[in-house]
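> This is the structure I have questions about; it appears just below.
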Amino acid sequence: MEASINLTEGCESVGLHIQHNDDFSQKTTSYFSYAEEGIFVDRSLSNPEGDVRKPTVSGPFTLFTFRDKGKETVEKLHFQMSFDGDILEVFCQRSLCLIHYGIWNSVYEYWRKLFWGRSRAR
């Protein structure tokens, strides 16, 4: 799954939920935070097992800002994820693999992917 995203003024983060069950109580969330300049994978709700460690993993990542004729432009984010049911890989800008991590999902036959974005209040 991949997306090319133009981040506009006020955009704080964009990402993808991988939903693991019908009621959305089990999910893995991967996102880019513009403010924190990083890629994050939140695995805390990936399964209901209490004895499985599920910390959020992250890697630093910065988008370049260009100035053209007095106007600042942020480069487009190319966000790509590969998930085979066990391993999640997160790529940015087509070639840079930022995160390669195991996801322990108790419901292997159900996956739904949802893109999302968050902006600050105006």
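> Select, from SER44, SER4, the only residue that is more than 24 Å from ARG94 (Cβ to Cβ) and surrounded by fewer than 16 Cβ atoms within 10 Å (Cβ to Cβ).
SER44
> OK, next. Check the range 74-84 and report whether any residue there is among the hydrophobic types (A, V, I, L, M, F, W, C), surrounded by 12 or more Cβ atoms within 10 Å (Cβ to Cβ) and under 11 Å from the mean Cα position of the chain (by Cα).
Yes, that holds for at least one residue.
> Just for the range 7-41: of the residues that are within 20 Å of ILE87 (Cβ to Cβ) and β-branched (Val, Ile, Thr), which one is surrounded by the fewest Cβ atoms within 10 Å (Cβ to Cβ)?
THR29
> Residues that are within 27 Å of LEU7 (Cα to Cα), at pLDDT below 80 and touching a strand residue (DSSP E or B) at 6+ places or on another chain (Cβ under 7 Å): find the strands (runs of 3 or more DSSP E) completely inside the range 37-122 holding 1 or more of those.
Ranges flagged: 77-83, 87-92, 96-102, 112-119.
> Are any of the residues in the range 52-60 farther than 23 Å from ASP86 by Cα and either surrounded by fewer than 16 Cβ atoms within 10 Å (Cβ to Cβ) or touching a residue at least 12 places away in the same chain (Cβ under 8 Å) (or both)? I'd like the intermediate steps shown before the answer.
Narrowing the range 52-60 to residues farther than 23 Å from ASP86 by Cα: 60.
Keeping just the survivors that are either surrounded by fewer than 16 Cβ atoms within 10 Å (Cβ to Cβ) or touching a residue at least 12 places away in the same chain (Cβ under 8 Å) (or both) gives 60.
Within the range 52-60, one or more residues are farther than 23 Å from ASP86 by Cα and either surrounded by fewer than 16 Cβ atoms within 10 Å (Cβ to Cβ) or touching a residue at least 12 places away in the same chain (Cβ under 8 Å) (or both).
> So, in the range 9-24, how many residues would count as being part of a loop (DSSP other than H, G, I, E, B) and modelled with pLDDT of 85 or more?
Counting residues in the range 9-24 that are part of a loop (DSSP other than H, G, I, E, B) and modelled with pLDDT of 85 or more gives 0.
The values are calculated or read from the model by the stated rules, or taken from the named source; none is laboratory data. Keep in mind that what you see is a predicted model, and the values were worked out from it rather than measured. Heads up, the Cβs are rebuilt from the backbone with ideal geometry, glycines too, and the neighbour counts pull from every protein chain shown.
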